[in-house]
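Shown next, in structure tokens, is the structure this report addresses.
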Amino acid sequence: MTEPAEPVKGAVGTGAPPADGAWNQINWDNVTAEVTRLQVRIAKATRERRWNKVQALQHLLTHSRNGKLLAVKRVTENAGKRTAGVDGRIWATPMSKLKATQALTHKGYQPLPLRRVHIPKSNGKKRPLGIPTMHDRAMQALWLMTLLPIAETTADPNSYGFQPKRSTADAVEQCFNALAKRNSAQWVLEGDIRGCFDNISHDWLLANIPMDKVVLRKWLQAGFMDKGVLFPTEAGTRQGGIASTSAG
């Protein structure tokens, strides 16, 4: 069940490809407002446990022009905007960004393998990252817009890791509120899950992440390229993509 498409406000037209430079003329305040309006509706449907409504609104957002524009804007303005995936492509010009928006479709979508890179850690070891292509990053950003309202509605209110608009200072404040009382707990236990990202069950993710299962399965099974060799991904999620940390 899906809702009828809604008019797109504040974005470029949906007819012939716009001329170069139109990207900078987009009314981003209107685009953001329209996406936010749909996200609020997703959050409301989540609170009411109306999951068919949630799915319909997710479909509406991920197929909307405004959603696609905002997804491309995000991946072309963040810290990794100059880092290419296995296809070697980045979207550096207004025209390439507009064309990317038009190409951000679900029909026939097939993500490419991740590009494996290793970054040094403070202990001398290296942490592996999986870098998606720009196109796959934009698709992740698009779906992330539909998942954040659900996560913010259903998550523990005192969860601060990778939560939008939350910081270490917020966590410190909550710790003070919980520990400064006379009858507060006397001990704080810290835990770390060894190889957490490397061992997350794909079956669990497919059963519990409320999004298009076909798209999610393709991301999980895309594999990664390391020194020209393709490796399968049968378990775990690779750190480096937008959706791998932002909705954690």
Any idea what the dipole of segment 108-248 comes to, in debye rounded to 20, about its Cα centre with Lys/Arg Cβ at +1 and Asp/Glu Cβ at -1? 460
Scanning the chain for helices, which whole DSSP H stretches are 18 Å or more long along the axis (Cα) and average 1.0 or more by Kyte-Doolittle? none
Say the dipole of the chain comes from +1 at the beta carbon of Lys and Arg and -1 at that of Asp and Glu; which of Ala100, Trp23, Gly88 then lies farthest toward its positive end? Gly88
As a percent rounded to 5, the proportion of antiparallel DSSP bridges among beta bridges in the chain is 75
Below 12 Å, Cα to Cα, which aspartates and glutamates can Lys53 reach? Residues fewer than 8 away in the same chain don't count. Glu3
So for the chain, Kirkwood radius off the Cα pairs, Stokes-Einstein at 20 °C and 1.002 mPa s: how many µm² s⁻¹? 107
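Please state, to two decimals, what the Cα-based radius of gyration of segment 129-244 comes to when divided by 2.2 N^0.38 Å (N = residues). Intermediate values should be presented prior to the final figure.
Numbers: Rg = 17.8 Å, N = 116, 2.2 N^0.38 = 13.4 Å.
So the Cα radius of gyration is 1.33 times the expected 2.2 N^0.38 Å.
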Alpha carbons only, please: Rg and Dmax for segment 56-115, in angstrom. 12.3, 35
Per DSSP H run of n ≥ 4, the term is -39500 (n - 2.57); total these for the chain, divide by its residue number, and report the mean residue ellipticity at 222 nm rounded to 500 deg cm²/dmol. -13500 deg cm²/dmol
GNM, the chain, Cα, under 10 Å: largest mean-square fluctuation among Pro113, Pro132, Pro210? Pro210
Students often check this: by mean Cβ neighbours within 10 Å, which of 120-130, 57-67, 33-43 ranks highest, and how do the rest follow? 57-67, 33-43, 120-130
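Add +1 for every Lys or Arg and -1 for every Asp or Glu among the other residues with Cβ under 14 Å from the Cβ of Arg47, and state the total.
Working: positive: Arg41, Lys44, Arg49, Arg50, Lys53; negative: Glu48, Glu152.
Around Arg47, the charge tally is +3.
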With each label point set 7 Å from Cα along the Cα-Cβ vector, what nm distance links Ala33 and Ala79? 3.3
So for the pair Glu48, Arg127, with labels modelled 7 Å out along Cα→Cβ, what separation do we get in nm? 4.1
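By the scheme Lys and Arg +1, Asp and Glu -1, what is the net charge of all other residues having a beta-carbon under 14 Å from that of Ala222? Could you put the intermediate results ahead of the total?
Values: positive: Arg115, Arg116, Arg137, Arg217, Lys218, Arg238; negative: Asp87, Asp136, Asp226, Glu234.
Within the 14 Å Cβ shell, the charges total +2.
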Treating segment 34-179 as a set of equal point scatterers at the Cα positions, no solvent, please give the Debye-formula log₁₀ I(q)/I(0) at q = 0.17 Å⁻¹. -1.08
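I'd like to check one number: the per residue accessible area of the chain, probe 1.4 Å, reported in Å² as a whole number. The partial results should precede the final answer.
On the way: 15020 Å² over 248 residues.
About 61 Å² of surface per residue is accessible.
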Consider all pairwise Cα distances in segment 133-181 and report the whole-number % of them above 18 Å. 48
Translational diffusion of segment 67-148, µm² s⁻¹ [Kirkwood Rh, Cα pairs; Stokes-Einstein; 10 °C; 1.306 mPa s]: 117
At q = 0.13, 0.21 Å⁻¹, what is the log10 ratio I(q)/I(0) for segment 22-79, with the Debye formula run over Cα points and no solvent? -0.38, -0.80
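The values are calculated or read from the model by the stated rules, or taken from the named source; none is laboratory data. Here the structure is a predicted model, which means the values were calculated and not measured. Don't worry about glycine lacking a Cβ; one is built from the backbone with ideal geometry, like all the others, and counts go over all protein chains shown. Accessible surface is based on the protein model in full, side chains and every heavy atom, while ligands, DNA and RNA are left aside. Shrake-Rupley method; radii C 1.70, N 1.55, O 1.52, S 1.80 Å.
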